[in-house]
Amino acid sequence: MKLSVVVPCYNEEENIHLIYETILHDFSHCDFDYEIVFVNDGSKDNTYTELKKLLAFEQPIKIVNFSRNFGKESAMYAGLKESSGDYVAIIDADLQQRPALVLDMVRMLDDEPEYDCVAAYQENRSEGKFISFCKDIFYKFINRFSDTEFVKGASDFRVFSRKMAQSVIDADEYFRFSKGLFSWVGYNTKFIPYIADERANGTSKWSFPKLVAYALDGIFAFTTAPLKIPTFIGLLSVLVSVIYLIAVIIHNSVSSFYVVTYQPVLFAVLFIGGLQLTAMGIAGEYLARTYIQTKNRPIYIAKEVVTNKKEGNNING
Ligand code: UDP
Ligand code: MG
């Protein structure tokens, strides 16, 4: 199998047939075999029913049906894991991304073997100034404090070599922030611009609070810089208290006014408080690392995995 096309789906009942037909149409002249791996991410509408209708057709497809909504990150992970192609593409179900571009990406990987991934990024996103400003801050912060490089505008719309896909699968951490993981695993990625179309049907699953939560996921997954904040404040507080103490000593030795009985108490409060914050910051650093490491929950739970593929007997739902 040359290519697997992974399609994460959450409440996409009106788009299922459309994306399927579009892929088949755009791929009709391609000279290699491919499969489509749909991941039904706990949709509350008839997405799964629509997906199962596709099993009747010739085109090899696989459907991974989640037990609940685990989020697009988990859906992409499941898709990569259940795919068997030499290349794996990820594409949204809402037709904002054109399947025809996947073929161009595959061709690029064939022609330029130094690359393991071709990723599409949106040059001009049609979004509000405020959202754009917040995203700017996020990218500046995370690129300043994380060793991993985050490319602004980079999407999940990409094609991987099997080797790189396997590395992403091997990075099986629970709190997934794929844009970071795709960069963290290394390899060479070629970025190409694309223009996202309007959503065919339905509405985007993103709201501002969800975007904020997503950005925080990225920060917590790829930098421990926030843990350094109490350490920084603590050290600053210690410094201020020491300067304060020196000032008081000098003042008392040169001045005839000696009315500072509360000042040593103030010094002690600031000094001990500062030390405590510093200690908490350092301990938090270790705790966070241990905490992330010990999470062993599965990234997703599939109720069933269904396929119409002839080879293998992996139909279990
Ligand atoms: N999606 C998913 N699980 C979710 C949310 C979204 O699998 O919890 C899928 C969704 O069906 C679509 C893709 O992820 O195929 C992108 O979602 P959406 O169109 O809402 O995001 P946007 O294009 O607005 O960034
Ligand atoms: Mg979309």
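Things worth noting here:
- For the range 213-273, taking the reciprocal of the average inverse distance between every pair of different Cα atoms yields a Kirkwood hydrodynamic radius of 14.1 Å.
- The packing ranking, built from the mean of other Cβ atoms within 10 Å per residue, places the peptides 7-16, 193-202 in the order 7-16, 193-202, highest first.
- Solvent-accessible surface of the range 1-125, averaged per residue with a 1.4 angstrom probe and all protein chains in place: 41 square angstrom.
- Electrostatic dipole magnitude of the chain [Cβ: Lys, Arg +1; Asp, Glu -1; Cα centre; debye, to 20]: 1280
- The chain: most fluctuating residue of Lys62, Lys129, Lys295 per GNM, C-alpha cutoff 10 Å: Lys129
- Residue-averaged 222 nm ellipticity for the chain, from DSSP H runs of 4+ at -39500 (n - 2.57), nearest 500: -15500 deg cm²/dmol
- Per residue convex hull volume, Cα atoms of the range 34-168, in Å³: 150
- Taking only protein heavy atoms and a 1.4 Å probe, the accessible area of the range 157-262 is 70% carbon and sulfur.
- Between Arg297 and Glu127, the contour length at 0.36 nm per residue exceeds the Cα-Cα span by 57.7 nm.
- Subset of Lys205/Lys295; Lys62/Lys205; Lys2/Lys135; Lys163/Lys303; Lys2/Lys129; Lys179/Lys295 violating a 31 Å alpha-carbon distance limit: Lys2/Lys135; Lys2/Lys129
- Ellipsoid semi-axes in whole angstrom, largest first, where each is sqrt(5λ) of the Cα gyration tensor of the range 141-196: 17, 17, 10
- Of the peptides 66-75, 267-276, the order by per-residue mean of other Cβ atoms within 10 Å, starting with the highest, comes out as 66-75, 267-276.
- The slack in the chain from Leu24 to Gln276, taken as 0.36 nm per residue of separation less the alpha-carbon distance, amounts to 84.5 nm.
- Among the chymotrypsin sites (Phe, Trp or Tyr not before Pro) found in the range 205-253, those both in a DSSP coil and sparsely packed, with 14 or fewer other Cβ atoms within 10 Å of their Cβ, are Trp206.
- Counting 0.36 nm for each residue step from Thr49 to Leu239 and taking away their Cα separation leaves a gain of 61.9 nm.
- Calculated FRET efficiency for the pair Ala225/Ile249, C-beta based, R₀ 35 Å, to 0.05: 0.45
- Ranking by accessible area, most exposed first, for Lys303, Lys310 with a 1.4 Å probe: Lys310, Lys303
- If R0 is taken as 25 Å, the Cβ-Cβ distance between Arg199 and Val151 corresponds to a FRET efficiency of 0.60.
- Computed in the context of the full set of protein chains, the accessible area of the range 1-103 at 1.4 Å probe radius has 48% of its extent on carbon or sulfur.
- Ranking by accessible area, most exposed first, for His251, His29 with a 1.4 Å probe: His29, His251
- A crude spin-label estimate for the pair Thr290 and Arg144, with each label 7 Å from Cα along the Cβ direction, gives 3.1 nm.
- Solvent-accessible ranking of Thr231, Thr290, largest area first, probe 1.4 Å: Thr290, Thr231
- Where a label projected 7 Å from the Cα of Arg107 along Cα→Cβ would reach, residues of the range 27-56 with amide N under 18 Å: 27-34
- Descending semi-axes in whole angstrom, ellipsoid equivalent of the chain, from the Cα gyration tensor: 52, 20, 18
- With one equal scatterer per alpha carbon and no solvent term, the Debye-computed log10 I(q)/I(0) for the range 44-85 at 0.13, 0.22, 0.35 1/Å reads -0.32, -0.87, -1.19.
- Within the range 138-154: backbone nitrogen closer than 15 Å to the Leu211 label point (7 Å, Cα to C-beta): 138-140, 152-154
- Using the alpha-carbon positions of the range 50-121, Rg (one decimal) and Dmax (whole number) come out as 14.1, 40 Å.
- Relative contact order [Cα under 8 Å, 6+ residues apart], the chain, whole percent: 21
- Between the residues Gly234, His25, Phe208, the greatest Cα displacement towards the positive end of the dipole of the chain, with unit charges on the Cβ of Lys, Arg, Asp and Glu, is found for Gly234.
- Neighbours of Ile142 by Cβ distance under 14 Å: Lys/Arg scored +1, Asp/Glu scored -1, total +1.
- 5 angstrom amide H check on Glu304, placed H, neighbours 5+ away: Asn65
The values are calculated or read from the model by the stated rules, or taken from the named source; none is laboratory data. What you are looking at is a predicted structure, and each value in this text was computed from that prediction instead of being measured. A quick note on method: Cβ atoms are made from the backbone with ideal geometry, for glycine too, and the neighbour counts reach across all protein chains shown. The accessibility values were calculated without ligands, DNA or RNA, using every heavy atom of the protein model including side chains. Shrake-Rupley method; radii C 1.70, N 1.55, O 1.52, S 1.80 Å.
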